[in-house]
2 protein chains.
Amino acid sequence: MSKVGIDLGGTNIKAGIVNEENEIIAKGQKKTFAQRSAEEIMKDMEKLVEELLEEHHISKEQVEKVGIGCPGTIDSKTGTVIYSNNIVWENIELGAIMENSLQLPVKVYNDADCAALGETVAGAAKDCNNMILLTLGTGVGGGIILDGKVFDGYYAGGAELGHTTLIAGGEPCTCGRKGCLEAYASATAIIRIAKKKMEQEKESLLHEYNEIDGVAIFEAAKNNDRAANEAIDEYVMYLAEGIVNFVNIFRPEKVLLGGGISHAGDRLIQPVNEYVKKYCFGGNRTYIPEVMQMKLGNDAGIIGAANL
Amino acid sequence: MSKVGIDLGGTNIKAGIVNEENEIIAKGQKKTFAQRSAEEIMKDMEKLVEELLEEHHISKEQVEKVGIGCPGTIDSKTGTVIYSNNIVWENIELGAIMENSLQLPVKVYNDADCAALGETVAGAAKDCNNMILLTLGTGVGGGIILDGKVFDGYYAGGAELGHTTLIAGGEPCTCGRKGCLEAYASATAIIRIAKKKMEQEKESLLHEYNEIDGVAIFEAAKNNDRAANEAIDEYVMYLAEGIVNFVNIFRPEKVLLGGGISHAGDRLIQPVNEYVKKYCFGGNRTYIPEVMQMKLGNDAGIIGAANL
């Protein structure tokens, strides 16, 4: 049997047909045009799936299930998008509507949850059933896998790992609180930190870039730029503190990092692992999970969704 | 069938026989004398259980299982006490040894986990299967119940809710990190905060107490003492920030508070609930659990242990 995974994003709707070995055997995408009505977007999601199946001569009877990963707060029990900022949806019964139009069982979870499940069934956490994923992009997304299944809270609005305090009363967060992990460990945060550092260093290589982003910061650091290296050191500390928190709660087999900043490689992953090893509760008397980069990139969301 | 619950503490070993309705039908205790060897303490635990059963004419055949709640880091899969500060144990195979001596199935979990389970089966969270317990004593203990079962991490050393950062880099914590919730939301913390406030207020009623403890602080606050009220307000904010974090992760049905400070009543519970309602991710679009005091006191640990 095949499974279909859909990754609904603010820019693109991506879909893939996934086989029993959790390989994507066909992939397609359409623009989201997020300003459209939810009905129009869902119609395009339906079309995308129908076209993919037809193109690859797969009948509906050969499809076991469909899963959708969606940004925002999702009630995964009912398949309802409670609220999503990226596509500006509120209380859309995405699961039920798609189930009706596709005539297939449909599940809906948050996109970071889907990415975490994808990495667990086919990626960097393939050997384990208990893991945490943090996506380090504009914000910080969280995915939790317990016993091989997505854990996103008993009620909708759980697994928001980016919205736990790192420094209560600190930097303002998009969620209305101050000092969330998201405000210290997102790509947005490392850019803020680097900009502050380069202001103090007139000679910093960072002044030569038109735009400061994660790539620029790690590139300048590689060229021994002090401001960039200090910014990364500070960022590593914040991110690692957040990871220690989740280890102290979940004690998972692995912690994976995804999103733009996770591509930084050893300059990020190595000091994060050192910090985590040093500060987890119980120290070397306990199991301390390795922190690794996720492996499947954008495919993780599709494979994960297909496995919901 | 009966079940036996044991609460192993630094001062006392308490045990109870629990019936199928989760009522304690018999209770007993012995001094721990924690400086003794683990063997001697375990021998006394065995004796306590044997005596209780004999006294109440319950044969071993009528006992379904035995559970032990123990402070510290417990490997609940193997029943091993990895490390406990209160009784200074390290790598003691408590479960296996007691199973052998009692000739009954024995499980061992952290004491806060047992208290959480006790409240879930028979206390303030009786109507729900997904809850969080924070014990506000010398430290801050955490218990997590998911689907009616204790969740304490995949590996030993999870569910350490007190050892998640509230203000990274802040007040030193017993665990070696700086700024853990424990350093801001324990009884120790509110005493530290109140002492600082009373230094600034020469007229504070707190100066009239020989010893500043939680009772003194809440009593002075009731008598309109400004320093005491300010200390409580600050403490409420810290505690509530921590609770918001756990709601954003677990989105449980209820959050319970235990330990000395939890007896403060409405002056604590009401502002904590207001804060939590205001700051949980997703706001009023989502379910926000009520924060309540736990109900069973010390019995929670015994009833919970009996239900492991």
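Residues whose amide H comes within less than 5 Å of that of B:A26, counting only those at least five positions distant or on another chain, are B:I17 (H built at 1.01 Å from N in the peptide plane). Closest approach of any chain B Cβ to the axis that rotates B onto A belongs to B:I167, 3, distance given in whole Å. Post the alpha-carbon centroid distance, the stretch B:190-248 to the stretch A:174-238, in whole angstrom. The two parts, judged by their Cα centres, are 38 Å apart. Entry note, the stretch A:1-113: relative contact order of 26 percent, from Cα contacts under 8 Å with a spacing of 6+ residues.
Charge tally around A:A125: other residues with Cβ under 9 Å, Lys/Arg +1 each, Asp/Glu -1 each, net 0.
What the phi angles of the stretch A:277-284 give under the Karplus curve with 6.51, -1.76 and 1.60, with θ = phi - 60°, is a coupling list of 4, 6, 10, 5, 4, x, x, 6 Hz, glycine and proline written as x. Using only side-chain charges placed at the Cβ, +1 for Lys and Arg and -1 for Asp and Glu, the dipole size of the stretch B:128-293 relative to its Cα centre rounds to 440 debye.
Placing unit charges on the Cβ atoms of the charged side chains and taking the dipole of the protein assembly as shown about its Cα centre, the candidate lying farthest along the positive direction among A:A183, A:I144, A:A116 is A:A183.
For chain A, modelled as a GNM with alpha-carbon contacts under 10 angstrom, which of A:G162, A:G67, A:G265 fluctuates the most? Highest fluctuation of the listed residues: A:G265. Once backbone amide H atoms are built at 1.01 Å from N, B:G79 has B:V108 as its partners under 5 Å, excluding neighbours fewer than 5 places away on the same chain. In chain A, the longest principal axis of the Cα atoms and the axis of helix A:187-199 are about 20 degrees apart.
3J(HN,Hα) along the stretch B:84-98, derived from phi through the Karplus expression 6.51 cos²θ - 1.76 cosθ + 1.60 where θ = phi - 60°, amounts to 9, 6, 5, 10, 6, 10, 9, 6, 9, 7, 3, x, 5, 5, 5 Hz, with x in place of Gly and Pro. Largest mean-square fluctuation among A:G158, A:G79, A:G283, in a Gaussian network model of chain A whose springs join Cα atoms under 10 Å apart, belongs to A:G283.
When Rg and the Kirkwood radius Rh are both evaluated on Cα atoms of the protein assembly as shown, their ratio Rg/Rh stands at 1.01. Taking all Cα pairs closer than 8 Å and separated by 6 or more residues, the relative contact order of chain A comes to 20 percent. Springs join every pair of Cα atoms under 10 Å in this Gaussian network model of chain B, and among B:S84, B:S37, B:S76 the largest mean-square fluctuation is at B:S37.
By count of other Cβ within 10 Å, fewest leading, how are B:K60, A:K27, B:K197 ordered?
Working: B:K60 11, A:K27 15, B:K197 22.
Placing the least packed residue first, the sequence is B:K60, A:K27, B:K197.
The residues A:L136, B:L181, when put in order of fewest to most other Cβ atoms within 10 Å, stand as A:L136, B:L181. Relative contact order of the stretch A:31-189: 15 percent, from C-alpha pairs under 8 Å at least 6 residues apart in sequence.
With +1 on each Lys and Arg Cβ and -1 on each Asp and Glu Cβ, and nothing else charged, work out how big the dipole of the stretch B:52-97 is about its Cα centre, in Debye to the nearest 20.
Details: 3 positive and 7 negative charges, 29 e Å.
Dipole about the Cα centre, nearest 20: 140 debye.
Rounded to the nearest 20, the Cβ-based charge dipole of the protein assembly as shown about its Cα centre (Lys and Arg +1, Asp and Glu -1) stands at 660 debye. Relative to the longest principal axis of the Cα atoms of chain B, the long axis of helix B:111-122 lies at roughly 80 degrees.
None of the figures in this text is laboratory data; all of them are computed from the coordinates on show. Just so it is clear, the structure is predicted and the values come from calculations on it, not from any experiment. Methodologically, a virtual Cβ is constructed for each residue, glycine included, from the backbone with ideal geometry; neighbour enumeration extends over all protein chains shown.
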